Amino acid sequence: MMKDKMTRRIFLKTIGATAAVVSAAGLFSGCDEVPAESNADASNNESTSIPDTPSSAKILWTIKDNGGGTATLTGYDKTGPEPSGYVVIPSEISGRKITTINANFSGCTKWVRATIPGTVKDVRSFGYCANMKMLTFQNGVENIYPQTFLMNRELVKVSLPQTLKWIGYSAFSECTKLKEVEFPNSLEIISDGAFNETALEEIVLPPNTYVGDGAFARISALKKVTIGANDTFYGRYSGPFGSCTSLQTVAFSGSVEELSNLMFYKCSSLTDITLPYGLKKIGENAFTECDSVKSISLPITVTKIGNGAFARCKALTSVSGMTASQELGTVIFRECDSLRKFAIPDGTQTIPKMMFYDCENLKAVYIPVTVKKVEEDAFGYCPNLKTVYYGGNQSDWASMYIQGNGSPLFNATIYGNCSASDLK
């Protein structure tokens with residue numbers, strides 16, 4: 001019997017990863033045998049509730065020595081009990097401080113709740129735990145790597161530390177029951193797809209945070225977003241909040257300079273948004289297919305509006321704050337079916353291509369005398385555009401270049417020497 005124990009101890013010292021027997025709550029030194037999991041613990045693991053008390057099971061964790069008295073947690077020895085119930089990962093194993101987790105706990109179907117200690121700086125991998133419901137990261141954790149908790153579909157709550165800096169791409173993507181997350185002020189980066197297809201109902205972003213493409217896309221339960229001061233965003237394929245079809249309200253706790261491409265793409269329930277003073281750029285398709293937005297008021301700080309920024313906003317009836325100094329993209333108001341009248345800002349020289357394309361209920365526009373060019377299909381497929389209030393006289397109108405032969409402007413009734421206030 002003594003020979004068996006010594007052989008096992010020698011084996012554990014000679015394998016590539018060091019293993020140590022610890023309880024879920026701390027370090028146990030000098031334990032030579034791993035006791036079987038009690039029936040009581042097994043019964044608790046079958047429960048679907050989130051336990052409050054850490055499990056007393058002794059787990060044989062495996063580690064990799066990093067040198068300097070630190071180690072990486074790599075998993076657990078499957079000859080002993082698997083993590084189950086509520087497990088507090090130890091901060092120290094065999095005299096080494098755990099600074100990294102790089103493990104695959106997939107298959108730990110009885111693990112329901114985990115606490116990650118503050119000695120850990122980087123959580124590099126964790127794996128799929130089919131019944132994990134709650135994660136707590138203690139202060140000290142700085143980085144959660146890409147796809148670390150991808151598709152943990154029973155996860156409901158995540159408590160992030162006040163030291164966290166980076167959440168990697170798809171870190172919590174498709175955690176379809178995840179409803180509770182508070183983002184700390186220390187956070188610098190929320191990468192692409194980090195919380196894509198979760199169940200968050202409200203998001204409050206801290207200031208000075210970068211939010212990647214699709215970071216919060218396709219969250220059908222999301223109703224409100226509060227954007228922090230100086231936050232920055234990136235949109236390429238789905239946009240930071242794209243296709244959040246229940247999103248109704250967007251608030252700003254401070255100013256931001258840019259709303260990215262596809263920022264609120266297909267947020268079809270969005271009705272309440274006040275753009276902040278200091279905003280300079282509205283990206284391409286930022287509000288495309290926001291079907292419930294009725295009015296937009298642009299702050300005077302806006303200098304650029306991207307292609308299709310408000311395209312297919314089916315309920316949009318009014319836009320204020322546009323100026324001649326703004327750089328305008330194409331198809332900005334394409335297929336805005338509720339738009340009935342529009343005043344081009346005084347000083348404007350060019351009406352961009354397809355700006356009002358297929359606005360089927362647009363009936364009247366004001367065009368200032370400063371306009372020298374109307375680009376192709378600027379008013380294309382606007383069958384009800386019958387009246388133009390023009391800021392100049394007949395000679396001025398004749399000198400304006402209207403590109404394309406099918407423009408409704410050729411068949412409209414033109415009233416000369418008008419101002420924007422004449423628009424009815």
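Derivation of every value follows stated rules applied to the coordinates shown; laboratory data play no part. Quick caveat: nothing in here was measured; it's all calculated off a predicted structure. Positions of Cβ are generated from backbone atoms using ideal geometry, with glycine treated the same way; all protein chains shown enter the neighbour counts.
For the range 240-395, the normalised intensity computed at q = 0.09, 0.19 Å⁻¹ comes to -0.27, -1.18 (log10 of I(q)/I(0), Debye sum over alpha carbons, equal scatterers, no solvent). Can you compute the label reach from residue 66? Point 7 Å from Cα along the Cβ direction, backbone N cut-off under 13 Å, restricted to the range 107-121. Label zone hits: 117-121. Remark: spin-label model distance residue 415-residue 246 equals 4.7 nm, labels positioned 7 Å along the Cα→Cβ axis.
Taking Cβ atoms as reference points and 13 Å as the exclusive limit, the residues near residue 421 contribute a net charge of 0, counting Lys and Arg as +1 and Asp and Glu as -1. Relative to the longest principal axis of the Cα atoms of the chain, helix 2-14 runs at roughly 30 degrees. Structure shown: which of 314/341; 266/314; 314/372; 294/363; 121/177 lie over 20 Å apart, alpha-carbon to alpha-carbon? Table pairs above 20 Å Cα-Cα are 314/372; 121/177. Given +1 at the Cβ of Lys and Arg, -1 at the Cβ of Asp and Glu and no other charges, the dipole of the chain around its Cα centre is 340 debye to the nearest 20. In the range 49-123, the inverse of the mean reciprocal separation of distinct Cα atoms equals 12.7 Å; this is its Kirkwood hydrodynamic radius. Net charge of the neighbourhood of residue 369, taken over other residues with C-beta under 15 Å away and scored Lys/Arg +1, Asp/Glu -1, is -1. What does the C-alpha gyration tensor say about the overall shape of the range 217-310? Classify as rounded when a/c is under 1.5, otherwise prolate if a/b is larger than b/c, or oblate. Here the range 217-310 falls in the rounded category. With a cut-off of 9 Å between beta carbons, the residues surrounding residue 404 carry a summed charge of -3, where Lys and Arg count +1 and Asp and Glu -1. Sequence-distant contacts, meaning Cα pairs under 8 Å at least 6 residues apart, place the relative contact order of the range 228-283 at 42 percent. What is the projected area of the convex hull of the Cα atoms of the range 158-283, averaged over all directions, in nm²? It is 6.3 nm².
For the pair residue 323 and residue 176, the difference between a 0.36 nm per residue extended length and the Cα-Cα distance amounts to 48.6 nm. The Cα center of the range 394-411 and the Cα center of the range 295-358 differ in position by 20 Å. Taking only C-alpha pairs under 8 Å that are 6+ residues apart, what is the relative contact order of the range 351-408 in percent? That works out to 41 percent. Using the Karplus relation 6.51 cos²θ - 1.76 cosθ + 1.60 with θ = phi - 60°, the per-residue 3J(HN,Hα) values for the range 98-107 come to 7, 10, 9, 10, 9, 10, 10, 9, 4, x Hz, with x marking Gly and Pro.
Diffusion coefficient of the range 107-231 by Stokes-Einstein, Kirkwood radius over Cα pairs, 25 °C, 0.890 mPa s: 174 µm²/s. Fully extending the segment from residue 405 to residue 253, taken as 0.36 nm per residue of separation minus the present Cα-Cα distance, adds 49.9 nm. Taking a point 7 Å from the Cα of residue 372 along the Cα-to-Cβ direction, the residues of the range 382-424 with backbone N closer than 20 Å to it are 390-404.
Relative to the compact-globule estimate of 2.2 N^0.38 Å, the Cα radius of gyration of the range 163-211 comes out at 1.06. Legend: residue pairs 58/78; 223/281; 58/110; 304/373, Cα-Cα distance threshold 21 Å; pairs beyond threshold, 223/281.
At full extension, residue 349 and residue 151 could sit 66.1 nm farther apart than now, given 0.36 nm per residue minus the alpha carbon distance.
Distance between the modelled labels on residue 395 and residue 337, one decimal in nanometres: 4.5 nm (7 Å Cα→Cβ projection). Convex hull volume of the C-alpha atoms in the range 205-260, normalised per residue: 63 Å³.
Over the chain, DSSP H runs of length four or greater, each weighted -39,500 (n - 2.57), average out per residue to a 222 nm ellipticity of -1500 deg cm²/dmol. So which trypsin sites (Lys or Arg not before Pro) in the range 177-267 pass both tests, a DSSP loop state and at most 14 other Cβ atoms within 10 Å of the Cβ? When the trypsin sites (Lys or Arg not before Pro) of the range 177-267 are filtered for loop state and at most 14 Cβ neighbours within 10 Å, 177, 236 remain. Which entry in (i) 22, 39, 28, 10, 1; (ii) 24, 38, 22, 12, 3, 0; (iii) 23, 49, 22, 5, 1, 0 matches P(r) over Cα pairs in 20 Å bins from 0, in percent derived from the coordinates of this structure? Recomputing P(r) over Cα pairs in 20 Å bins from 0, in percent here gives the entry labelled (ii). Solvent-free Debye calculation, one equal scatterer per alpha-carbon of the range 263-326: log10 I(q)/I(0) at 0.14 Å⁻¹ equals -0.35. When the chymotrypsin sites (Phe, Trp or Tyr not before Pro) in the range 263-365 are filtered for DSSP coil states and for at most 16 other beta-carbon atoms within 10 Å of their beta-carbon, the remaining sites are 277.
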